[in-house]
Amino acid sequence: MGKIDISKFPKAQEMIIDAELEDQADYIKWLPMFDKEQAALALAKMYVTAKAGASDSIPGRAKAKRSTDKLFFEVSGKIHLYARAEARARLGYDSEDVTRLFCHIAFGGEKYRR
């Protein structure tokens, strides 16, 4: 495995330092359930979905909303916790923001609450 410059990922770096795993950072499997092609496809789907969600088309926005929920489950469970935290930080979101965005989805039989 090649050397990863974790300084490019400040939130992930902070979490790695807090866990005292700096010497193991090169061995983290950031996308453990994806190969490169699957990750690229998921990113492309998210991009297309985001574009549709911002369109003037009402049916397009409705379809994007349904696709967003599916992609949330498809992607979030397949990437490392540090990668998810880094993505949220770059978007300026915290866990509560994600909870609010997906409050309509039931997890374990209960819906997220605001």
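Structure summary
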read-out	value
Criterion: under 18 Å from Lys78 (Cα atoms), in contact with a Ser or Thr (Cβ under 9 Å, 6 or more places away or on another chain) and surrounded by 10 or more Cβ atoms within 10 Å (Cβ to Cβ) - qualifying residue of Lys45, Lys29	Lys45
Residue satisfying condition, being among the charged types (D, E, K, R) and surrounded by 14 or more Cβ atoms within 10 Å (Cβ to Cβ), within set Glu74, Glu37	Glu74
Selection count where residues are closer than 10 Å to Glu86 by Cβ and open to solvent by 100 Å² or more (accessible area, probe 1.4 Å), scope region 1-26	1
Tabulated pairs, region 85-99, first in contact (Cβ under 8 Å) with a residue 24 or more places away in the chain, second among the β-branched types (Val, Ile, Thr), C-beta under 8 angstrom, 6+ apart or interchain	Arg88/Val98
Count - residues of region 52-69 that are open to solvent by 50 Å² or more (accessible area, probe 1.4 Å), within 18 Å of His104 (Cβ to Cβ) and not β-branched (Val, Ile, Thr)	4
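The values are calculated or read from the model by the stated rules, or taken from the named source; none is laboratory data. In this text, all values refer to a predicted model and were calculated from it rather than measured experimentally. Note that each Cβ is placed from the backbone with ideal geometry, even for glycine, and that neighbours are counted across all protein chains shown. These accessible areas exclude ligands, DNA and RNA; they are computed on the full protein's heavy atoms, side chains included. Shrake-Rupley method; radii C 1.70, N 1.55, O 1.52, S 1.80 Å.
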